[in-house]
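Enquirer: Below you'll find the structure I mean.
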Amino acid sequence: MEQDIDELIRRRIRGLRLAKGWSLDNLAARCFMSPSTLSRIETGGRRIALDQLVPLARALGTTLDDLVATDEDGDVLIRPEPEHRPGVTSWLLSRERAVAGVTVAKMRLDDSLSDTAQVHPGREWFTVLSGRARLELGDRVVVVEPGQAAEFSTMVPHRISAFPGSGGLEILSIFDRDGERAHLHD
């Protein structure tokens, strides 16, 4: 079991390094170890020490927890249940406490005007699946068509709604923790 975890960690280190397009020299310089030590870690010629994992995780832009987590995903399917609020039906498409605090949700908004504009810390992103979105950002109104996406600071008063008489709007949204609390919970 321990050997399997070591091998998994080695594959992750190498995979993350290659995904960034970095050579052994590039990563070694970022985590203050020699390229030969890093090579031996990746190939199994050297045991991985905890004091090496922390700088490796930091340099690779991940967490120590993610680097050493077992790859037992269990059930990978998410079976979203609709949550209904006046004018909005939402389906949570990511697991609770998702990776990096990001929540993915599909939302269907009817063409009634949503509540007042909101302000909260963070950033928000959405793409229009069907209908046309009316995005209010402060004094601006931005029309977002199907297939288009919008990303914005949520410190600006904002409201997303369907155009009146349009029959509704479906969007796919990505929220940080603050956005999830503001938009998906009462």
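Enquirer: On the given criteria, is Val68 buried (at least 16 other Cβ atoms within 10 Å of the Cβ) and modelled with pLDDT of 85 or more? Can you show your working first?
Expert: Values: buried (at least 16 other Cβ atoms within 10 Å of the Cβ): yes; modelled with pLDDT of 85 or more: no.
It is false that Val68 is buried (at least 16 other Cβ atoms within 10 Å of the Cβ) and modelled with pLDDT of 85 or more.
Enquirer: Next question. Quick check, is Glu124 crowded, with 16+ Cβ neighbours inside 10 Å, touching a Gly at 6+ places or on another chain (Cβ under 6 Å) and assigned by TED's automatic domain parsing to the domain that holds Ser90?
Expert: yes
Enquirer: While we're on this one: Return the residues of the stretch 38-55 that are in contact (Cβ under 8 Å) with a residue 40 or more places away in the chain and not in a loop (DSSP other than H, G, I, E, B); say none if nothing qualifies.
Expert: Leu53
Enquirer: Among the residues that make up the stretch 40-49, is at least one of them hydroxyl-bearing (Ser, Thr, Tyr), surrounded by 11 or more Cβ atoms within 10 Å (Cβ to Cβ), modelled with pLDDT of 90 or more and more than 30 Å from Lys106 (Cα to Cα)?
Expert: No; the residues of the stretch 40-49 include none that is hydroxyl-bearing (Ser, Thr, Tyr), surrounded by 11 or more Cβ atoms within 10 Å (Cβ to Cβ), modelled with pLDDT of 90 or more and more than 30 Å from Lys106 (Cα to Cα).
Enquirer: Is it true that Pro164 is more than 19 Å from the chain's Cα centre (by Cα), over 18 Å from Val104 (Cβ atoms) and exposed (fewer than 15 other Cβ atoms within 10 Å of the Cβ)?
Expert: yes
The values are calculated or read from the model by the stated rules, or taken from the named source; none is laboratory data. Computed from a predicted structure; not experimentally measured. Positions of Cβ are generated from backbone atoms using ideal geometry, with glycine treated the same way; all protein chains shown enter the neighbour counts.
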